[in-house]
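This report concerns only the one structure given below.
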Amino acid sequence: IRNDRRIDFHVGGDILAQVEPWWLSLETAEKFNLRFPLRANYTTIVHPKFYDALIDKTVDMLRMHAVGLATWQQFGRHIGENDMRNLPEYLLSPGYEQLAGLWKDRPAVCLAAGPSLHTNLLQLLPLRDRVAIISAGTVYALAQGLHLAPDIVTTIDFQRLNWTDQFLHVPLDPACALVYLHSTHPQTPRRWPGPRFVAENSSETLLWMRQYTEAKGSAAQVQTVAHLNLLVALMLGANPILLLGQDLSMPQTQHHAVGARAQDQAPCEVAAEAFMFVPDMHGNPVSTRHSFLSMKTVFERIIAEHPDRTIVQCSEAGLPLVGAPHRPLHAVLDSLPALPAGESLRTTIRKVFSAYTPKIQAQLLPDMDGLI
């Protein structure tokens, strides 16, 4: 480092694989002062396609960082407040690590709120008893209404709308487990009637909270509740894992699946520069946004970290995911064997939840008194 400038050298032929971990190791100011690699023929990067791939990867990292900063800028105050308001629930809830291996080598379906969800959701009905269903909170009401009661529902949203729009006016199933991010709106975990498990993101408040209990399980990479869906399925040991409604794009006149409780606008309702067109899984142009492309990057990183699992993109529309081949849902479901006899996932989860004993350090109360 010289004159406040940093130069990092990488030696070897696997530079593309090293860009992301290197980027994640940087401080915020370093990320925004990054200089793009020099053009081909001015460096040892002599192949134009390799150079273009390196630039694309760098842009992905810039986009992911910008989306994260925008989230903190918009919701940072809510995150900090929710952390403290959720402190009792955080301390008393088992971490989602407690779900490890409870559905090992059995199929699971992850429901997200992409517009294509309604096109194949009904295909699940005849084979509901062959799969575990993990649903984002945005489509919990939709799944319940179609008699596809999820085994697990996930939620991460910081605003009060998380409770009022997604759950307040919906009959909540006491047999369904909730996996929530520690900074989600407090009313959701506080009022959930079934088993509750907490996942950890990252914040200064969480670092302080964690010293008084055991680690609950990291979900630090989540940018969307659908990421948490996938992490829960992986934690359960599920295999294969089928993704539904995971479009990461939208038609011009839609923003989410019909019946989904999501706050958003369709491309035709906002300025054109808010969206861009990229090839979908069929090679046709589809509208998406920078935040969705950042989410795609995170999905592909999670998938790459689990080469031992079969993750299948069964959404009928949307962006392709590297590492998750696209297959029609009916073809995958028809190939699934009947589950072996035994207790249901819901029963197993309830037993784990009931057997959990919170681990809280005695120093918590004196330290809390010191804060007042």
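The values are calculated or read from the model by the stated rules, or taken from the named source; none is laboratory data. Because the structure is predicted, anything quoted here is derived from the model rather than measured. Note that each Cβ is placed from the backbone with ideal geometry, even for glycine, and that neighbours are counted across all protein chains shown. The accessibility values were calculated without ligands, DNA or RNA, using every heavy atom of the protein model including side chains. Shrake-Rupley method; radii C 1.70, N 1.55, O 1.52, S 1.80 Å.
Hydrodynamic analysis of the stretch 95-179 uses the Kirkwood radius over alpha carbon pairs. Inserted into Stokes-Einstein at 25 °C and 0.890 mPa s, it gives a translational diffusion coefficient of 179 µm²/s. Here the extension length gained between Tyr356 and Val322 equals 8.5 nm, from 0.36 nm per residue of separation less the Cα-Cα distance. Using the Cβ-Cβ distance between Ala220 and Val59 with R0 set to 22 Å, the FRET efficiency from 1/(1 + (r/R0)^6) comes to roughly 0.50.
For the stretch 256-372, the equivalent ellipsoid derived from the Cα gyration tensor has semi-axes of 38, 28, 16 Å, listed largest first. Taken over the C-alpha atoms, the stretch 132-179 has Rg and Dmax values of 9.9, 29 angstrom.
Note that the stretch 161-289 presents 37 Å² accessible area per residue, ligands and nucleic acids not counted, probe 1.4 Å. Counted residue by residue at 0.36 nm each, then reduced by the alpha carbon distance between them, the extension gain from His330 to Ala304 reaches 6.8 nm.
The H on the amide N of Leu321, modeled in the peptide plane, is under 5 Å from the matching H of no residue at least 5 residues off or on a different chain.
Would you mind checking the stretch 328-352 for residues with the amide N under 20 Å from a putative spin-label position 7 Å along Cα→C-beta of Thr119? Within reach of a label on Thr119: 328-334. Derived from the Cα gyration tensor, the three semi-axes of the equivalent ellipsoid of the stretch 292-346 are 25, 15, 10 Å, largest first. In the stretch 307-369, the portion of solvent-accessible area held by carbon and sulfur atoms comes to 60 percent [1.4 Å probe, whole percent, DNA, RNA and ligands not counted].
Derived scalar couplings between HN and Hα for the stretch 279-294 equal x, 8, 5, 9, x, 9, x, 9, 7, 8, 9, 4, 4, 5, 5, 5 Hz in order, rounded to whole Hz, by the Karplus curve 6.51 cos²θ - 1.76 cosθ + 1.60 (θ = phi - 60°), x for Gly and Pro.
Here Arg190 and Asp52 are evaluated by their C-beta separation; at R0 = 51 Å the FRET efficiency comes out at 0.55. With a 1.4 Å probe and every protein chain kept in, tell me what percent of the accessible surface of the stretch 193-305 is carbon plus sulfur. Looking at the stretch 193-305 in its full context, I get 52 percent from C and S. Using bins of 5 Å that start at zero, the share of Cα-Cα pairs per bin across the stretch 196-275 amounts to 3, 11, 17, 15, 16, 13, 12, 9, 4, 1, in whole %.
3J(HN,Hα) along the stretch 341-346, derived from phi through the Karplus expression 6.51 cos²θ - 1.76 cosθ + 1.60 where θ = phi - 60°, amounts to 4, x, 6, 6, 4, 4 Hz, with x in place of Gly and Pro. For Val109, the residues whose modelled amide H falls within less than 5 Å of its own, excluding neighbours fewer than 5 places apart on the same chain, are Ala132, Ile133, Ile134, Leu242. Among the GluC sites (Glu not before Pro) within the stretch 264-370, those in coil by DSSP and having at most 16 neighbouring Cβ atoms inside 10 Å are Glu305, Glu343. Hydrodynamic analysis of the stretch 132-240 uses the Kirkwood radius over alpha carbon pairs. Inserted into Stokes-Einstein at 25 °C and 0.890 mPa s, it gives a translational diffusion coefficient of 173 µm²/s.
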